[in-house]
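To start, the structure under review is shown below, and the notes come after it.
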Amino acid sequence: MSGASDGQAGVVVQGVSRDFGPLRALDRVSLAVARGTVFGLLGPNGSGKSTLIRLLCGLLAPSEGVVEVDGLDVASRGEEVRRRVGYVPQRFSLYDDLTVAENLDFYAAAYGLRGAERRRRREEAAALVGVASQGGRLAGVLSGGWRQRLSLAAAIMHRPRVLLLDEPTAGIDPVARRALWDLLFSLAGEGVTLLVSTHYMDEAERCSRVGYLFQSRLLAEGPPDALRARPDVTPSGTRRLEAELGPGVAAGLARARALPYVREATIFGTALHLLVDDRATDAAVARDLGARALRPAPPSLEDAFVRLTALQGAERPGR
Amino acid sequence: MIGDLAAVLRKELLHLRRDPGTLRLALLIPALQLTLFGLIDTTVRDVPLAVFDQSLSPESRELVAALEASRVFRVARRVASRDALRQEIVAGRARVGLELPLDLHRRALTAERSSTLLVLVDGSDASVAAQAIDAVNGLALSRSLEVLARGVEALPLEPRVQVLFNPELRSAALLIPGLIGILLTFSGTLLTAFALVRERERGTLEQLMVTPLSPAAIVLGKLLPYLGLAMVQLAVVLVLMRVVFRVPIHGDLLLLGALSVEYLASLLALGLLISARSRTQVEATQRAQLFLLPSILLSGYIFPLTAVPAPLRVVSHLLPATHFIAIARGIIVRGAGLLDLWQHVLALGLIAAALLLASTRAFRKTLS
Ligand SMILES: Nc1ncnc2c1ncn2[C@@H]1O[C@H](COP(=O)(O)OP(=O)(O)OP(=O)(O)O)[C@@H](O)[C@H]1O
Ligand SMILES: [Mg+2]
């Protein structure tokens, strides 16, 4: 156990920055992930999520700061770190021209598994993620969801202590997504530390802690409930409402944003989520928007991130 | 219709502009090709000549000086026996050997009988051999005419030409050993370069790099299959050469195999170096071409080295192909041994070592 971390942390990031030429892709980020928990990494495109994950598995070196995985300094003990880490890249990175079984066999061997043990682990992993039935097919012809599962299987065969997953559920159907998350939690239950980047709020809600990266900086970090309850998410003198508008919701959004007492408005289905000043009564809001129904709405995680982003005073990067 | 065409055209031009490497090489390669072809002068010059001068007379000195003045020959060695003369040619240090008889001096003066010059010619480089024979004959004739003009009866100088190897001056015997060098260049360099660049291009390097596999294991694991493939290729070409083209192998086959491994080591290292610097397979192909082209034109494969202008000959000597082709021809056509070829073997070894060093360094850097 080395100095910077307490012994319970599976991942420690301390004051880490990473520059690509003039571009600062990560700016003084610090966070810690306790062993056996799932940490969700969120943030808009280009905010630095993949960069952070690649620093954690030693593919990139930090420009400054310290990165520790499973209590080991990644910079000085990269080899040991690699044995303890499983990594699923954002882009499919297995061999298209090898079959599912061949891919798994190669990676099992690359992690030093030999003979009968290798076969056992390979089949175990394939069964766990449900790709066993695809064993003889070329990886290149698999559908996107199957490929993601295969990547995950390749990353867990060596029983890593820390699992780093870069958008593992992008493009996966809802049922498969749920199955995959169940699997991630069962791994966490066995003591594996997981760090998962995602754009899905429902996935974020299930994490023990989440971090929100925005323009290379970690804007907020903590359990989802704590983030939602932050005072700057719903400042004093304001409240959150849900206004049911029916089919005219798009026009309602424009109207709401023009109202002086509305701080924020977002569409959810046929309803608007609003952050309004307390000086406006519910009756006034309902009248101004022509709402059929109005009820108080606790902030969602997304509301929290939108608010934190707005407070940052910078415009949301649209890429 | 025109609008559609313009849209696609604009997009393609953008691709080209975003890929300055490809563009640069696409312009550079034809320029290089043209320059090399243009610079090569196929009339032979400075053919290395070994002289066994038995007469050591003013006449013999004058004769050798005249041969040198023609600029076709350059005296590379002076030896003291006929065997040594032959040995110089086997070792490739001389292409032509000239034996001047003991009585050159006396006979040239009296012209009782014609004086016979023994000319040994290395047939393993057919174009050089043919031109060298012409040059010796021409000189002997003009010398004789000079003497005749002084009123002597018989032709005083009569060259007796003996082509040592490949006596029919067949081009197959000459080209195929060279072709081996060129073929191995293609498979050795290009396939190796691809093996790594493909991983980078497809993004599979990302997953490979997080495994505990050492860079050495990754690199060696990739190189060995191509080394094996190239050795199989070598065997196939040798069998075809022997059976179909009926070119006999005079030297030691094992030696040829061993030196081929040395050659391949330099090629694979070069492939590795290219792959460390290239992001895409297209880029790697073009970089490889930049090397393959001189290997064909400047290595002595098509044009004799003597046809390569002096400044470019520096490049020739830096190319692994030059040394391997000299080795292959030496072993196959002249039956040369390791001692005869040591200079090429040493040069090739140094080149291979330098390339291996540079490529492991470049590769380490790209992987870290
Ligand atoms: N190798 C690189 N060279 C130069 N710039 C890079 C490199 N890798 C990432 N970047 C830049 O760093 C920034 C962060 O990129 P990163 O891939 O970490 O974002 P991300 O949060 O993963 O985005 P996404 O949600 O789209 O996956 C981007 O501006 C990106 O262009
Ligand atoms: Mg990313």
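The values are calculated or read from the model by the stated rules, or taken from the named source; none is laboratory data. Quick caveat, the model's predicted, so the values are computed rather than measured. No Cβ is skipped: glycine too gets one built from the backbone with ideal geometry, and neighbour counts run over all protein chains shown. Surface accessibility is based on the protein's heavy atoms, side chains included, excluding ligands, DNA and RNA. Shrake-Rupley method; radii C 1.70, N 1.55, O 1.52, S 1.80 Å.
Here the accessible area of chain B is 65 percent carbon and sulfur, with a 1.4 angstrom probe and all protein chains present. Looking at segment A:111-246 alone, DSSP beta bridges between its own residues are antiparallel in about 50 percent of cases.
For the chain pair A and B, buried accessible area totals roughly 1600 Å², probe 1.4 Å, rounded to the nearest 100. Placing one identical point scatterer on every Cα of chain B and ignoring solvent, what is log10 I(q)/I(0) from the Debye formula at q = 0.07 Å⁻¹? Scattering profile of chain B, log10 relative to I(0): -0.42.
Counting only the Cα atoms, the protein assembly as shown fills a convex hull of 234 Å³ per residue. Here the sum of -39500 (n - 2.57) over DSSP H runs of 4 or more residues, divided by the residues of chain B, equals -21500 deg cm²/dmol at 222 nm, to the nearest 500.
Rounded to the nearest 10 degrees, the angle from helix B:2-18 to the longest Cα principal axis of chain B is 70 degrees. In the full protein context, the protein assembly as shown carries 46 Å² of accessible surface per residue, based on a 1.4 Å probe and ignoring ligands, DNA and RNA.
Percent antiparallel among DSSP beta bridges with both residues in chain B, to the nearest 5? Counting only bridges with both partners in chain B, antiparallel ones make up about 20 percent. Helix B:126-149 and the long axis of chain B differ in direction by around 20°, with both axes built from C-alpha atoms. Couplings 3J(HN,Hα) of segment B:316-333, computed from phi: 3, 6, 8, 7, x, 4, 4, 6, 5, 5, 4, 5, 4, 5, x, 6, 6, 8 Hz, in residue order, whole Hz [Karplus 6.51 cos²θ - 1.76 cosθ + 1.60, θ = phi - 60°; x for Gly and Pro]. Considering all C-alpha pairs of chain A, those separated by over 24 Å amount to 59%. Among the protein heavy atoms of segment A:172-306, carbon and sulfur supply 56% of the accessible surface, probe 1.4 Å, non-protein parts ignored. Give the shape of segment B:241-284 as rounded, prolate or oblate, defined through the alpha-carbon gyration tensor: a ≥ b ≥ c are the square roots of its eigenvalues, a/c under 1.5 means rounded, and otherwise the shape is prolate if a/b is larger than b/c and oblate if not. Oblate is the answer for segment B:241-284, as a/c is 1.5 or above yet b/c matches or exceeds a/b. Given a 1.4 Å probe, show me the residues in segment A:68-94 buried by at least 40 Å² of accessible surface when comparing the whole protein assembly to the chain alone. Residues meeting the cut-off: A:Arg82, A:Tyr87, A:Arg91, A:Ser93. Between segment A:271-316 and segment A:201-235, the C-alpha centres lie 18 angstrom from each other. The distance from the alpha carbon centre of segment B:323-341 to that of segment B:55-84 is 25 Å, rounded to a whole number.
Considering only beta bridges that DSSP places wholly inside chain A, some 70 percent are antiparallel.
The charge dipole of the protein assembly as shown, taken about its Cα centre with unit charges on the Cβ of Lys, Arg, Asp and Glu (plus for the first two, minus for the last two), comes to roughly 420 debye. With Rh defined as the Kirkwood radius, the inverse of the mean 1/r over Cα pairs, the Rg/Rh of segment B:171-367 is 1.00. 3J(HN,Hα) along segment B:79-96: 10, 10, 7, 5, 4, 5, 4, 5, 4, 4, 6, 4, 6, x, 7, 9, 9, 10 Hz, from the Karplus curve 6.51 cos²θ - 1.76 cosθ + 1.60 with θ = phi - 60°, whole Hz, x for Gly and Pro.
Burial annotation for segment B:206-227: residues with an accessible-area loss of at least 10 Å² between the isolated chain and the complete set of protein chains, computed on heavy atoms with a 1.4 Å probe, are B:Glu206, B:Gln207, B:Leu208, B:Met209, B:Val210, B:Thr211, B:Pro212, B:Leu213. Heavy-atom surface analysis with a 1.4 Å probe gives segment A:68-145 a carbon and sulfur content of 50 percent of its accessible area.
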